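Presented below is the structure to which this report refers.
The values are calculated or read from the model by the stated rules, or taken from the named source; none is laboratory data. Just so we're clear, the structure is a prediction, and the values are computed from it rather than from any experiment. We place every Cβ from the backbone using ideal geometry, glycine too, and count neighbours over all the protein chains shown. With ligands, DNA and RNA removed, areas are computed over all heavy atoms of the protein, side chains included. Shrake-Rupley method; radii C 1.70, N 1.55, O 1.52, S 1.80 Å.
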Amino acid sequence: AQSVTQLDSQVPVFEEAPVELRCNYSSSVSVYLFWYVQYPNQGLQLLLKYLSGSTLVESINGFEAEFNKSQTSFHLRKPSVHISDTAEYFCAVSSPTSYGKLTFGQGTILTVHP
Amino acid sequence: EAQVTQNPRYLITVTGKKLTVTCSQNMNHEYMSWYRQDPGLGLRQIYYSMNVEVTDKGDVPEGYKVSRKEKRNFPLILESPSPNQTSLYFCASSPEGERGYPYEQYFGPGTRLTVT
């Protein structure tokens, strides 16, 4: 079985400050890792993914995440946040044996203050 | 535009009245699935379909049915809704990865269901 723990339910930050949203996973097999973002009253949008290869993955809007196998983590970072980054962020894991099922964390609400 | 669509977006119904939430994707994806989202619990998979011939239960299938008669559509059926099925529902689809497994999933806009 797989599980995901997002260590912070809410993260408040000021605009232009750096942010890190923490995600740890548990799995006995190789994993695929994802970050999704959900803006208010909208569906989930894929932010970035790790399938294989380079452990550092980046999104088009400045977020990055690093797969750390030894620490079973996939933390999301951004060096300078904007007001528009305010949203809920979900970390998710799947594997070749999960038949495509995504196991999600509980979500982290990022609030960017001016 | 490539997308997953769901209807209705909002639905209020009463206990026991059968309902169907439709889901359609225009990306020719084989894999489709349904999730429910509840506060503090994240999203949990209800059912999934690898293709039109294979459908199976996810983590929380009780009280739900699905149908996959054609590749693009994957409706969710609640034959006798109960208040504990009040939730936000998402349909998703996924392209087949290079190893034949689905990778990232693309989500619809969600259906907010209230059962009184």
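Between a first residue in region B:85-100 that is at pLDDT below 80 and a second residue that is surrounded by fewer than 21 Cβ atoms within 10 Å (Cβ to Cβ), which pairs have beta carbons less than 7 Å apart while being 6 or more apart in sequence or on different chains?
B:Glu96/B:Glu30; B:Gly97/B:Tyr103; B:Arg99/A:Pro96
Being within 12 Å of another protein chain (Cβ to nearest Cβ), surrounded by 13 or more Cβ atoms within 10 Å (Cβ to Cβ) and either within 15 Å of A:Leu110 (Cα to Cα) or among the hydroxyl-bearing types (Ser, Thr, Tyr) (or both) is the filter here; which residues of region A:13-43 pass it?
Once the filter is applied, which keeps residues that are within 12 Å of another protein chain (Cβ to nearest Cβ), surrounded by 13 or more Cβ atoms within 10 Å (Cβ to Cβ) and either within 15 Å of A:Leu110 (Cα to Cα) or among the hydroxyl-bearing types (Ser, Thr, Tyr) (or both), region A:13-43 yields A:Cys23, A:Tyr32, A:Trp35, A:Tyr36, A:Val37, A:Gln38, A:Tyr39.
Can you name the residue in region B:70-105 that is within 11 Å of chain A (Cβ to nearest Cβ) and polar (S, T, N, Q) and, of all such residues, is nearest to the chain's Cα centre (by Cα)?
For region B:70-105, the residue satisfying everything is B:Ser93.
Where in region B:1-69 are the strands (runs of 3 or more DSSP E), entirely inside, with at least 1 residues that are within 11 Å of chain A (Cβ to nearest Cβ) and within 16 Å of B:Pro102 (Cβ to Cβ)?
Where strands (runs of 3 or more DSSP E) fall fully within region B:1-69 and carry at least 1 residues being within 11 Å of chain A (Cβ to nearest Cβ) and within 16 Å of B:Pro102 (Cβ to Cβ), they are B:4-7, B:31-38, B:42-51, B:54-57.
If we keep just the residues of region B:1-55 that are of a type in the set (Asp, Glu) and farther than 18 Å from B:Thr116 by Cβ, which is surrounded by the fewest Cβ atoms within 10 Å (Cβ to Cβ)?
The qualifying residue surrounded by the fewest Cβ atoms within 10 Å (Cβ to Cβ) is B:Glu1.
Restricting attention to region B:106-116, which residues are in a loop (DSSP other than H, G, I, E, B), within 14 Å of chain A (Cβ to nearest Cβ) and surrounded by fewer than 20 Cβ atoms within 10 Å (Cβ to Cβ)?
The one that is in a loop (DSSP other than H, G, I, E, B), within 14 Å of chain A (Cβ to nearest Cβ) and surrounded by fewer than 20 Cβ atoms within 10 Å (Cβ to Cβ): B:Pro109.
Is region B:89-100 home to any residue that is of a type in the set (A, V, I, L, M) and assigned to a loop (DSSP other than H, G, I, E, B)?
No; the residues of region B:89-100 include none that is of a type in the set (A, V, I, L, M) and assigned to a loop (DSSP other than H, G, I, E, B).
Can A:Ser59 be described as crowded, with 20+ Cβ neighbours inside 10 Å, within 14 Å of chain B (Cβ to nearest Cβ) and touching a residue at least 12 places away in the same chain (Cβ under 8 Å)?
no
Name the residues in region A:62-114 that are in contact (Cβ under 8 Å) with a residue 60 or more places away in the chain and open to solvent by 50 Å² or more (accessible area, probe 1.4 Å), would you?
Of everything in region A:62-114, those that are in contact (Cβ under 8 Å) with a residue 60 or more places away in the chain and open to solvent by 50 Å² or more (accessible area, probe 1.4 Å) turn out to be A:Pro79, A:His82, A:Ile83, A:Thr97, A:Gln106, A:Ile109, A:His113, A:Pro114.
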